[in-house]
Ligand SMILES: [Cu+2]
């Protein structure tokens, strides 16, 4: 397929067109249904009362074992919901993490009970704060690419999203997370 044809397919609003004309996307999607390959314009994803706005990640160095996941989560419902984790073809597992200061060292730990999204509220997952951590990364994330994931909420259930990969420096210009931060409760990190 020529690059111009591929670009046309990527810009198309027709999911069927994308599915049939963009084998690269299908490859990225792995075993996931092809309808996950949404057009670039779609930045908001919804399931029940939960809205996911602009999920993004950052490029990873070769061989990096983990990648972060960031987004704005809005809850338009009258009761709280909980983000429990995520799955993605790019990783073995998607955990919910928080950052915290411990003796002036920034550390991260898994929120094993999930992250609460208050009723009529919102929570931002961003560098240095709450984030998704994809562990057991099986591919190198490159700037400008995308990957599929499914977010799992206690009430809203599973929500399919697409992460856009930004630059490595987009979140932590001075460091690679896996080296500069000690991680609590992350036994899968070295796998
Ligand atoms: Cu983390």
Q.
Can you tell me which of (1) away from the ligand (no atom under 16 Å from the Cβ); (2) at negative phi; (3) exposed (fewer than 15 other Cβ atoms within 10 Å of the Cβ) is the one residue 129 doesn't meet?
A. (1)
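Please enumerate the residues belonging to the stretch 116-126 that are within 15 Å of the chain's Cα centre (by Cα) and surrounded by 14 or more Cβ atoms within 10 Å (Cβ to Cβ). Spell out the reasoning first.
Initially, the stretch 116-126 is screened for residues within 15 Å of the chain's Cα centre (by Cα), giving 123-126.
Within the stretch 116-126, 123, 125, 126 meet the criteria.
Quick one: is residue 75 modelled with pLDDT of 95 or more and either away from the ligand (no atom under 15 Å from the Cβ) or out of contact with any helix residue (DSSP H, G or I) (no Cβ under 6 Å at 6 or more places or on another chain) (or both)? Break it down stepwise before answering.
On the way: modelled with pLDDT of 95 or more: yes; either away from the ligand (no atom under 15 Å from the Cβ) or out of contact with any helix residue (DSSP H, G or I) (no Cβ under 6 Å at 6 or more places or on another chain) (or both): yes.
Spelling it out, residue 75 is indeed modelled with pLDDT of 95 or more and either away from the ligand (no atom under 15 Å from the Cβ) or out of contact with any helix residue (DSSP H, G or I) (no Cβ under 6 Å at 6 or more places or on another chain) (or both).
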Q. Which of the residues belonging to the stretch 100-114 are within 10 Å of the ligand (Cβ to nearest atom) and in contact with a helix residue (DSSP H, G or I) (Cβ under 9 Å, 6 or more places away or on another chain)?
A. 108
(Q) For the condition in contact with a helix residue (DSSP H, G or I) (Cβ under 9 Å, 6 or more places away or on another chain), more than 14 Å from the ligand (Cβ to nearest atom) and in the same structural domain as residue 85 (by TED's automatic domain parsing), what is the one hit in 151, 143? (A) 143
Q. Does residue 30 satisfy being modelled with pLDDT of 95 or more and either more than 13 Å from the chain's Cα centre (by Cα) or on the phi > 0 side of the Ramachandran plot (or both)?
A. no
Q. Given the conditions (1) surrounded by 16 or more Cβ atoms within 10 Å (Cβ to Cβ); (2) in contact (Cβ under 8 Å) with a residue 24 or more places away in the chain, which single one is not true for residue 105?
A. (1)
Q.
Looking at the stretch 171-184, can you tell me whether even one residue there is away from the ligand (no atom under 15 Å from the Cβ), surrounded by fewer than 16 Cβ atoms within 10 Å (Cβ to Cβ) and at pLDDT 50 or above?
A. no
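The values are calculated or read from the model by the stated rules, or taken from the named source; none is laboratory data. Computed from a predicted structure; not experimentally measured. Ideal geometry is used to build each Cβ from the backbone, glycine not excepted, and the neighbour counts take in all protein chains shown.
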